[in-house]
Amino acid sequence: MPDYKIAPSILSADFARLGQEVDNVLKAGADIVHFDVMDNHYVPNLTIGPLVCDALRKHGVTAEIDVHLMIKPVDALVPDFAKAGASYITFHPEASEHVDRTLQLIRDQGCKSGLVFNPATPLDYLEWAIEKVDMVLLMSVNPGFGGQSFIPYVLDKLRAARKIIDASGRDIRLEIDGGVKVDNIREVAEAGADTFVAGSAIFGAAKESDPNVYDSVIAAMRTELDKAQKAA
Ligand code: DX5
Ligand code: ZN
């Protein structure tokens, strides 16, 4: 039975009230905080760094924080994010000169490690390095921005990644990131994902000014995930 986890991406949160926003989604039933780090070099956007991760921990966030590094180079910031309280640190293999070294560094710093695959990036990097991987993250949009549409061919890639993970017999999460909504989360789960990043689908709903809006979106996602579980 897959243990499904919902990971709101704070990229779409109101940054002026970030602590409160994170408290609210966790109270609404989210499992993991997805933390998008962009450097205006590896991706054409600039977001947040270790100080903000540390601030969330100091604010009292105890949930797992899933730090998605869209930066190049990678290694210099790994110890900083570990110190700032990251639980997972994932990176794009194209952005690291030495993928094995970066995976090892993340684990040596006491965090769980992950590889992120852009939509068109093949899964080849997994073949040898899988024993050092705790999470595989498939991008279902090109990285850099929230609010883009899910690229349908990634469903086949999810099925391929699920096969590789199951064949390895290892405890590795399969996360999907980009364009995940209430109306496609079931299909994404049935293709093999067990961890679901959703930014605009969750935080974007706040604009409707309903105080329980996060509860209703996350509950609707869970209902869809229950259907996937029953169909499995
Ligand atoms: C994109 C980021 C995503 C983004 C997803 O580069 O990695 O985490 O926030 O946003 P939505 O869910 O709106 O596609
Ligand atoms: Zn992300």
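The values are calculated or read from the model by the stated rules, or taken from the named source; none is laboratory data. Keep in mind that what you see is a predicted model, and the values were worked out from it rather than measured. In this analysis, Cβ positions are derived from the backbone assuming ideal geometry, glycine residues included, and neighbour counts consider all displayed protein chains. Side chains included, ligands, DNA and RNA excluded: accessible areas come from the protein's heavy atoms. Shrake-Rupley method; radii C 1.70, N 1.55, O 1.52, S 1.80 Å.
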Can you tell me the dipole magnitude for segment 138-193 around its Cα centre, using point charges on the Cβ only (Lys, Arg +1; Asp, Glu -1), in Debye to the nearest 20?
120
If you take every residue apart from residue 224 with its C-beta less than 13 Å away from the C-beta of residue 224, what net charge results, scoring Lys and Arg +1 and Asp and Glu -1?
+1
Summarise the accessible area of segment 41-171 (1.4 Å probe, protein heavy atoms) by the percent that is carbon and sulfur.
54
If you build the Cα gyration tensor of segment 1-95 and take the root of 5 times each eigenvalue, what three semi-axes come out, in whole angstrom, biggest first?
22, 15, 13
What spacing in nm lies between the two simple spin-label points modelled at residue 230 and residue 123, each 7 Å away from Cα in the Cβ direction?
2.9
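At 222 nm, what helix-only mean residue ellipticity would the chain give, in deg cm²/dmol to the nearest 500, using -39500 (n - 2.57) for each DSSP H run of four or more?
On the way: 9 runs with 84 residues, N = 232.
-10500 deg cm²/dmol, from helical runs alone.
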How big is D, in µm² s⁻¹, for segment 191-232 by Stokes-Einstein at 20 °C and 1.002 mPa s if Rh is the Kirkwood radius over C-alpha pairs?
188
Given a 10 angstrom Cα cut-off, can you work out which residue in 222, 101, 162 is the most mobile in a GNM of the chain?
101
Enumerate the whole-percent occupancy of each 10 Å bin, from 0 to the last occupied one, for all C-alpha pair distances of the chain.
8, 35, 39, 16, 1
For segment 119-177, the Cα gyration tensor yields equivalent-ellipsoid semi-axes (√(5λ), largest first, whole Å) of 22, 11, 10
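With every protein chain left in place, what is the accessible area per residue of segment 5-231 in square angstrom, probe 1.4 Å? Could you put the intermediate results ahead of the total?
Working: 9810 Å² over 227 residues.
So segment 5-231 comes to 43 Å² accessible per residue, rounded to a whole number.
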Out of 51, 185, 119 - ranked by how far each Cα lies towards the positive end of the dipole of the chain, with unit charges on the beta-carbon of charged residues - the top one is 185
Given labels modelled 7 Å from the Cα in the Cβ direction, how far is it in nm from residue 142 to residue 14?
3.2
Extension length gain for residue 27 and residue 159 (0.36 nm per residue less Cα distance), in nm, is 44.4 nm
Charge dipole magnitude, Cβ of K and R +1, D and E -1 - the chain, Cα centre, debye nearest 20:
180
